[in-house]
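Peer 1: Dropping the structure in here first, questions after.
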Amino acid sequence: MPEHDAEQIQVRTLGGPTAYFEYGGLRFLTDPTFDGPGDYPSPGPTLTKTAPSTATPAELGPVDVVLLSHDEHADNLDASGRAMLADVPLTLTTPGGGQRLGDGARGLADWESIDLSRPGGGTVTVTGVPAVHGPGPREEVEPITGQVVGFVLTGDGLPTVYVSGDNASLDAVREVAGRFAPVDTALLFAGAPRFPMLFDGGPIVLDSAQAAEATRILGARRVVPVHHDSWAHFTEGRDDLEAAFTAAGLADRLDPAWIQRD
């Protein structure tokens, strides 16, 4: 695989799992969460948002594609995020989410791809990739936390971009690496969210050390961590991530714009 300039895409992190980037002339948004701080009841624990998004949907402008890890938890898709989906031509998500969200949504199974037309000609390929929302085997985790999906974006002359989604499994990362490594840019959902009543308090998304190891497995040239702030159940934040990447000798892989963000 030829090396691309990992700086070809600029990623704007908006808080929680939400990030915006342009790729191949298309505008992508991950897991839209724009509601204000407060408590959000769920079928399981109540989720508490602690900080607002750094932008509103109106400030972002038109979005071509939403990459939605899953639709069942408010810290990945909240009321404002659901409302904006009506104005987005395509939402890619889990097979179950594709059925629940209706028109404009399409579910991707593992390794299923969709080709999207680029404004200037050519295509962007988005491939659904495995993700496990908790520690342990997928068949044991999914009945508790639900189905999730990650994404890999590729295209002629474009860098390879991996969006992990709410994944806690390094085995899933190894599967992705086996097909797509090295990755130019990885958006890694981290933050080590935990609930005492689930999985003996184990992280249901990557912790900081696992995010660093995922970077090594993927051969990722640049990493933009997301999903590590703005919610009370995220137990590791920016400082933990920087420390873990430094300890692993991978601090140079962290996106400079992410490091410099106030």
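Quick note: the coordinates plus some simple rules give every number you see, no bench work behind them. Computed from a predicted structure; not experimentally measured. Glycine also receives a Cβ, built like all others from the backbone with ideal geometry; neighbour counts cover every protein chain displayed.
Peer 1: What number does the chain give for Rg over Rh if you use C-alpha atoms and the Kirkwood radius?
Peer 2: A ratio of 0.93.
Peer 1: Could I ask something else about it? In region 165-192, whose amide N lies under 20 Å from the spot 7 Å out along Cα-to-Cβ of Asp239? List them in ranges.
Peer 2: Under 20 Å, as judged by backbone N against the label point of Asp239, lie 190-192 of region 165-192.
Peer 1: Roughly how many nanometres apart are two label points built 7 Å out from the Cα toward the Cβ at Asp200 and Arg179?
Peer 2: 3.2 nm
Peer 1: Could you work out the relative contact order of region 1-109? I mean the mean sequence separation of Cα pairs under 8 Å and 6+ apart, divided by the number of residues, in percent.
Peer 2: It rounds to 21 percent for region 1-109.
Peer 1: What percent do you get for the relative contact order of region 109-196 when only Cα pairs under 8 Å and 6+ apart count?
Peer 2: This gives 24 percent for region 109-196.
Peer 1: Related question: Is any residue of region 212-228 close enough, with backbone N under 20 Å, to a label point placed 7 angstrom from the Cα of Thr50 along the Cα-Cβ axis, and if so, which?
Peer 2: Residues 225-228 fall inside that zone.
Peer 1: Once you sort the root eigenvalues of the Cα gyration tensor of region 132-249 as a ≥ b ≥ c, which label holds: rounded (a/c under 1.5), prolate (a/b larger than b/c) or oblate (the other case)?
Peer 2: It is oblate, given that a/c is not under 1.5 and a/b is not larger than b/c.
Peer 1: Might you report the magnitude of the Cβ-based charge dipole of the chain about its Cα centre, with Lys and Arg at +1 and Asp and Glu at -1, to the nearest 20 debye?
Peer 2: So the dipole magnitude of the chain works out to roughly 240 debye.
Peer 1: Can you work out the FRET efficiency for the pair Asp171 and Thr123, with r the C-beta to C-beta distance and R0 = 30 Å, to the nearest 0.05?
Peer 2: After rounding, the FRET efficiency stands at 0.50.
Peer 1: Further question: Rounded, prolate or oblate: which one fits region 58-177, using the alpha carbon gyration tensor with axes a ≥ b ≥ c (rounded when a/c is under 1.5, else prolate when a/b beats b/c, else oblate)?
Peer 2: Oblate is the answer for region 58-177, as a/c is 1.5 or above yet b/c matches or exceeds a/b.
Peer 1: With contacts defined as alpha carbon pairs under 8 Å and 6 or more residues apart, what's the relative contact order of the chain in percent?
Peer 2: Across the chain, relative contact order equals 16 percent.
Peer 1: Name the GluC sites (Glu not before Pro) in region 127-202 that are in a loop by DSSP and that have at most 16 other C-beta atoms within 10 Å, would you?
Peer 2: Loop-located and lightly packed - none at all.
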